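Values in this text are rule-based calculations from the coordinates and carry no lab data. All of these numbers come straight from a predicted model, not from anything done at the bench. Here Cβ is always computed from backbone atoms with ideal geometry, including for glycine, and neighbour counts include all displayed protein chains.
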Amino acid sequence: MTARKPRHLKSISGTDQPSRRIDGEPLLIETPLDEIPDPPAWLPNAFAVQEWVRITPILQVNKLLTESSIQALGVLCACYGKIVQAYAAGASPTASDLAQYRGLANEFGLTPLASSRLKTNPEEPKGNRFRKFGQRPSA
């Protein structure tokens, strides 16, 4: 038997259905940050800091910048800085660095395909459109 997908992940991916919720199951959705945080001091180079400054407003506007995502965003920017630094030095980045960057960019929805899959503003339930079929006509 496979483990159930957590409800907060269902909500993010847009597959959460109120009819399938277990009573008392908490919905753990972290609220987006209102202010853009400063880049972490541990970013390895200026390219990484520039990427932080470029990406954070995009993520904040799309409500994807949360307290728990800051560290992963820092790793994404550090990886980007390492890749650009390699290109600037006339070398090629490693396949591992490129794969790590691509994976993190997909997680944050920073590629065209990944951004089309993200639901940043989930729709409110519209109600039961079949409600009227079970009612008797009023006399």
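Of all the residues in the range 63-102, those that are touching a residue at least 24 places away in the same chain (Cβ under 8 Å) and of a type in the set (Ser, Thr, Tyr) number 5. The set of residues in the range 43-54 that are surrounded by fewer than 17 Cβ atoms within 10 Å (Cβ to Cβ) and not in a loop (DSSP other than H, G, I, E, B) comprises Ala46, Gln50, Val53, Arg54.
Among the residues making up the range 87-116, those that are part of a helix (DSSP H, G or I) and under 17 Å from Ile58 (Cα atoms) are Leu104, Ala105, Asn106, Glu107, Pro112, Leu113, Ala114, Ser115, Ser116.
Can you tell me which residues in the range 55-86 are part of a helix (DSSP H, G or I) and among the hydroxyl-bearing types (Ser, Thr, Tyr)?
First, the residues of the range 55-86 that are part of a helix (DSSP H, G or I): 55-61, 67-86.
Scanning the range 55-86 gives Thr56, Ser68, Ser69, Tyr80.
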